[in-house]
1. What are the residues in the range 28-69 that are in a loop (DSSP other than H, G, I, E, B) and closer than 19 Å to Asp3 by Cα, if any?
2. Would you check which residues across the range 42-74 are surrounded by 15 or more Cβ atoms within 10 Å (Cβ to Cβ) and of a type outside the set (A, V, I, L, M) and list them?
3. List every residue pair whose Cβ atoms sit under 7 Å apart, with the two residues 6 or more apart in sequence or on different chains, where the first one lies in the range 19-30 and is within 19 Å of Val58 (Cα to Cα) and modelled with pLDDT under 90 and the second, anywhere, is surrounded by 10 or more Cβ atoms within 10 Å (Cβ to Cβ) and of a type in the set (S, T, N, Q).
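The values are calculated or read from the model by the stated rules, or taken from the named source; none is laboratory data. This one's a predicted model, so the numbers in the text were calculated from it and none came from an experiment. A quick note on method: Cβ atoms are made from the backbone with ideal geometry, for glycine too, and the neighbour counts reach across all protein chains shown.
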Amino acid sequence: MTDVRVTYDKTVNAAYVYLTDPQAHVKSARMYPCDPVDVDGMINLDFDEQGRLIGIEVLAASSKLPEYLLQSAERLDTEGA
């Protein structure tokens, strides 16, 4: 199984799941917000120029993602640095 890069900022409670090669610098061409009512929060899907899913932004991450994933994520806030 391939490792997936996940970043987490506890200060703003936001996580990002990268679905691209960590060495690649792929830019988002289009963002699709999921219906916040349906997902009980805000989740955004990022797509590249070819329409491939490249990442997932999760706001209110502590209530949407498993704790083990957030604990192992690369921390962007100073608390985890």
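1. Passing the criteria: Arg52, Leu65, Pro66.
2. Matches in the range 42-74: Asn44, Asp46, Phe47, Asp48, Gly55, Glu57, Lys64.
3. Within 7 Å, the pairs are Val26/Thr20.
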